[in-house]
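The values are calculated or read from the model by the stated rules, or taken from the named source; none is laboratory data. Fair warning: this is a prediction, and the values are worked out from it, not measured in the lab. Here Cβ is always computed from backbone atoms with ideal geometry, including for glycine, and neighbour counts include all displayed protein chains. When the accessible area is computed, the model is the full protein with side chains, heavy atoms only, and any ligands, DNA or RNA have been set aside. Shrake-Rupley method; radii C 1.70, N 1.55, O 1.52, S 1.80 Å.
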Amino acid sequence: MISLVDANNFYVSCERLFDPTLRGKPVIVLSNNDGCAIARSNEAKALGIKMGQPVFQIKDLVRRHGVIVKSSNYTLYGDISRRVMELVGSSVPESAVYSIDEIFADLTGWPLPDLANWARTLKERIYRETGIPVGIGISHTKTLAKLANRLAKKSAKAAGVLVLDRSDWIELALERTEVGDVWGVGRQYAAKLSAQGIHNARQLRDIPDRSVRDMMAVGGLKTVRELRGERCFPLDDNPTDKQTICVSRSLASEVTELDEMRDLLSGFVGRGCKKLRRGGLVAGRMQMFVLGNRFREDRPNFSLSVDVGLRPYTNDTRLLCMAIGENIGRLWRPGLQVKKAGIILLDLCRPEAVHRDLFTPGPISSSPLMASIDGLEEKFGLDAVTVGRMPRGRADWFTRSDNRSPCFTTRWSDIPRFR
Amino acid sequence: MFSFIAKHETGTALALPLALMRLRAGFPSPAEDHIDRQLDLNEFILHPAATFYGRLEGDSMEPLIRDGDLLVVDRAISAKPGHVVVAVHAGEFTVKRLVQSGNRWLLTPDNPTYPVLECNEESEIWGVVQITLHWPSP
């Protein structure tokens, strides 16, 4: 059997752990730059606030109902997530972290007489030890476990735990699940299926293989098989080596100057290189991109990007900053009002794997200088050390984290005060 | 036990155990075969995933815990009467001693000038104060 442990309204739950006054109230957490609601408490959901809803659309609602608004603090959420994952990981024979708030576990072969009881105990333990409420779904496959997990949260009777092992319960659960809520079925497929009269997961499961392949691609067939109880997705579906690294941000106010843009992108590249070094990788290509404001109808929306080959392959921040300086002219044009920008690092591989030829110098990676910088950042915090051009805390770029909680668990200066 | 800080070529510091001994040419150290690991306060943490740090404010727990002391709070320890706990009471965090009086649970300050709090349905134990750290010579 496969189990999925999924935190309830994770970011809100993290905030509630350190601020008891948030309990029972409508709370939302906003994305970077306070743009959209990316987490909502149940009370906020009940007010009709949708996932990803831009904040300007709900200003009135927020004011009228006293919705509490927090800016996201990924440092805090990442640390709480680590704790939850450690706890779950040490409680089961095999597990795989799926996202910041979800972890699958394989319980096959584990002699557990009462799965529901085991799950309830684990749920209580997670809340007691980390302060995070979770839902647990258990079934024969990952897709069914996700389905069970979703129902566990919605049903008051289930109280956050649902085990689907009996075929009659699975039938019922599939009927109660709309086709668009099945893991792997996106909005477009859901619309397509609905048009064919397929509305719930049971109907989806019963479609013959050939028709599935016609309507949805090969991935769709795996999803349908999983609904039938056949395991098609391995426990750990995430490749350990990243394919690309992207660092991007929405900006509080539009950037209109080339120099400012270059500084901004250099900052992003610093973050990206840090991730490369942490993963022991080098990059062979970089893309820089800038976007206009997609919500403003009076301004032209645009999307520009430039691709830069990196020879030698590298993870050295200085070289990438140079690459930005040399190529930003290809990207920029006068009159741009940039609302969002970023860099993507591609063609990632380990230094040993880089293809060598007579004319290409070997990859440049992890020099002692870079290692020192990483060490200093570990001790003094992110952005403690910057390379030449990189911006130092430009408040007006990224502000609008007006309501960010302190880093309660990662900075001594931010630890909670208790009277 | 001393540890000698040697200057690395790039200018970063590196702690080397017993480097002092190694610099003296020729003489082997009688302690060479007995080099032990370094003591680390983290070894006192029982449940790392469930341990949080906090700062005490105020003097409600004097003389045991003083204003500004660091608290090591463990959420995985089952709170028992007599334990010093961090509790949520009336929507606020408070550090008090847990006391059982008949079938009532009380949160009592060690400092008698503060009131005793009685737990109700909304009260919750946030964690047990496992260790406190005080700096006597700031």
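Listing for the model above:
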read-out	value
Output for segment A:370-405, where each listed residue is surrounded by 16 or more Cβ atoms within 10 Å (Cβ to Cβ) and at pLDDT 75 or above	A:MET370, A:ARG404, A:SER405
Number of the exception - B:ALA76 against (1) more than 11 Å from chain A (Cβ to nearest Cβ); (2) under 23 Å from A:ILE132 (Cβ atoms); (3) assigned to a loop (DSSP other than H, G, I, E, B)	(1)
Candidate set: segment A:101-149, residues that are in a helix (DSSP H, G or I) and among the polar types (S, T, N, Q); chosen: the one farthest from A:LYS222 (Cα to Cα)	A:THR130
Matching residues, segment A:300-354, being of a type in the set (S, T, N, Q) and free of Cβ contacts under 8 Å to residues at least 60 places away in the same chain	A:ASN301, A:SER303, A:SER305, A:THR314, A:ASN315, A:ASN327
Any chance A:GLY78 is open to solvent by less than 40 Å² (accessible area, probe 1.4 Å), farther than 21 Å from A:LEU251 by Cβ and over 20 Å from the mean Cα position of the chain (by Cα)	no
Selection within segment A:175-198 - in contact with a Ser or Thr (Cβ under 6 Å, 6 or more places away or on another chain) and either closer than 19 Å to A:ASP214 by Cβ or surrounded by fewer than 16 Cβ atoms within 10 Å (Cβ to Cβ) (or both)	A:GLY184
Total residues in segment B:55-69, condition open to solvent by less than 10 Å² (accessible area, probe 1.4 Å) and facing chain A (nearest Cβ under 9 Å)	2
Meets criteria (of a type in the set (Lys, Arg), without any contact (Cβ under 8 Å) to a residue 40 or more places away in the chain and either in contact with a Lys or Arg (Cβ under 8 Å, 6 or more places away or on another chain) or part of a helix (DSSP H, G or I) (or both)) for A:ARG82	yes
The listed residue being within 14 Å of chain A (Cβ to nearest Cβ), closer than 27 Å to A:ARG128 by Cα and free of Cβ contacts under 8 Å to residues at least 12 places away in the same chain, out of B:GLU43, B:GLU92	B:GLU92
